[in-house]
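The block underneath contains the structure these notes are about, expressed in structure tokens.
Readers should treat all values here as calculations from the given coordinates under stated rules, not as data from a laboratory. The shown structure was predicted, so the numbers you read here are calculated from the model rather than taken from an experiment. Glycine gets a Cβ as well: all are built from the backbone with ideal geometry, and neighbour counts include every protein chain shown.
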Amino acid sequence: MARVKVRQPPAWSPEGQQVSKEVRELGRELEGLREDLPQQRVPVGMVVLFSASQDPGDRWRRCDGSEISRFDFPDVYTALGESQGPGDGSRTINLPTLVAPALMTYWIFVGGD
């Protein structure tokens, strides 16, 4: 089978600089959308796997078994109940405890304003 040589512009060429500029602009655009997407498309209680280096924001909590307030997060309490643990039995519940593959972390969407 014949090999096809793929031409990749060097980073220091005008063409390479233009590509780098476009990639940076797209990155900024995506970053601006990131804050809006969770509240619009993700149901409370949904668990998602993220890169361990990524912090998905204030509307997410790690699935590490920690306790959260039933009163501060009533939608999470409605979705999970005490299925992951009763917390302190009256004011808190436990989040799921999930072990992720290396360099990954499970997060649960807790909603919020």
Estimated FRET transfer efficiency (Ser53, Arg24; beta-carbon r; R0 22 Å; 0.05): 0.70
Isotropically averaged projected area of region 64-113, using the convex hull of Cα atoms (one quarter of hull area), nm²: 3.7
Taking Glu31, Glu82 and counting other C-beta atoms within 10 Å, the order from fewest to most: Glu31, Glu82
Modelled FRET efficiency - R0 30 Å, Val42 with Thr97, Cβ distances, 0.05 increments: 0.90
